[in-house]
Amino acid sequence: MNATRDLLIVRFFNSVGATTLSLFKVAGEMSILFVSTVRCIISNKMRYKLTMKQIEFIGIKSIPIVVLTGAFTGMVFGIQTYVGFKDFGAESMSGSLVTLAMVTELGPVLTGLMVAARVGSSIAAELGTMKVTEQIDALDAMGINTIDYLVAPRLVAAAIVFPMLNVICITCGLIGGYAVNVLFLGVNSVEYVDQSVLYVGFIDLLNSLVKSFVFGLVIVTVACYKGLNTRLGAEGVGKSTTQSVVISCVLILLFDYIITTFLVSI
């Protein structure tokens, strides 16, 4: 019995150790990919054509889902806050809560999660397919820098468009909250707007833009890493796509906590 128990304990700690080492390995490789990409962006000429193509794909084509997400989130949150404040006769206060929540948290996080599902999965699948069909090996054989050609344009595009998508999401959320509270629930529009701008300042919007900027870099880095390290054919492409979305979503929530803690402390 003692020998069996000791064997189970050893297997448990071996499993924990192997998982921990694997996580550090992946985190290190992603960091190296990110740093290498930044070096390429700084040292090489920007590929404007590829970058504009990625801006269209990551940014413009993501606007519909961002608009819907922001609008319905603002509408639902507006109803919930109205119901909560109605018991205290402070219905107009719902405007400040909707605005503060959309600007500081819901806007950047929801934008990141939705775009991670759409863009991150697509990037991982595209690069993963190129990897298993040896197209990336062909680029290397022709002397083309894979990071400069495939990763850098996507990272630059994400850095540009993610803050913009965040602003769109916030704007739609505020419009949705205003529409529900003022047009359907009868809250005084002047009081609602006054309360909306009372507790939210420029620094809150700036913090939100910083979050969305970081989330964009995280999503593209994870998606490109999983795509470039795809193995095992079509099955590997599917796994890379799924893992890309899951890891991106987890990292968005993790970085949201870290950034919020840092910004609150300064």
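Descriptive notes on the structure:
- Residue within the stretch 45-55 that is exposed (fewer than 13 other Cβ atoms within 10 Å of the Cβ), of a type outside the set (A, V, I, L, M) and not in a helix (DSSP H, G or I) present: yes
- The residues on offer are Val214, Val218, Val151, Val246, and the sole one that is farther than 25 Å from Arg47 by Cβ and of a type outside the set (Ser, Thr, Tyr) is Val246.
A quick yes/no check of all residues on (1) surrounded by 20 or more Cβ atoms within 10 Å (Cβ to Cβ); (2) of a type in the set (Gly, Ala, Ser); (3) without any contact (Cβ under 8 Å) to a residue 40 or more places away in the chain; (4) part of a loop (DSSP other than H, G, I, E, B):
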site: Phe72; (1), (2), (3), (4): no, no, no, no
site: Met75; (1), (2), (3), (4): yes, no, no, no
site: Gly78; (1), (2), (3), (4): yes, yes, no, no
site: Gly89; (1), (2), (3), (4): no, yes, yes, yes
site: Gly95; (1), (2), (3), (4): yes, yes, no, no
site: Ala116; (1), (2), (3), (4): yes, yes, no, no
site: Asp148; (1), (2), (3), (4): yes, no, no, no
site: Leu165; (1), (2), (3), (4): yes, no, no, no
site: Cys169; (1), (2), (3), (4): yes, no, no, no
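- Within the stretch 88-107, considering residues that are among the aliphatic types (A, V, I, L, M) and under 20 Å from the mean Cα position of the chain (by Cα), the one farthest from Thr69 (Cα to Cα): Leu100
- Restricting attention to the stretch 171-202, the residues that are surrounded by 19 or more Cβ atoms within 10 Å (Cβ to Cβ) and either of a type in the set (Asp, Glu) or assigned to a helix (DSSP H, G or I) (or both) total 12.
- Residue within the stretch 46-53 that is basic (Lys, Arg) and over 21 Å from the mean Cα position of the chain (by Cα) present: yes
- Residue that is modelled with the lowest pLDDT [pool: residues in the stretch 251-266 that are more than 15 Å from Val115 (Cβ to Cβ) and of a type outside the set (Ser, Thr, Tyr)]: Ile266
- Any hit, the stretch 1-8, residues being of a type in the set (A, V, I, L, M), surrounded by 10 or more Cβ atoms within 10 Å (Cβ to Cβ) and under 22 Å from the mean Cα position of the chain (by Cα): no
- Residues that are β-branched (Val, Ile, Thr) and over 19 Å from Leu113 (Cβ atoms) were ranked within the stretch 206-237; the one that is surrounded by the most Cβ atoms within 10 Å (Cβ to Cβ) is Thr230.
The values are calculated or read from the model by the stated rules, or taken from the named source; none is laboratory data. Note that the structure is a prediction, hence the values are computed from the model and not measured. Neighbour counts are summed over all protein chains in view; Cβ atoms, including those assigned to glycine, are modelled from backbone coordinates with ideal geometry.
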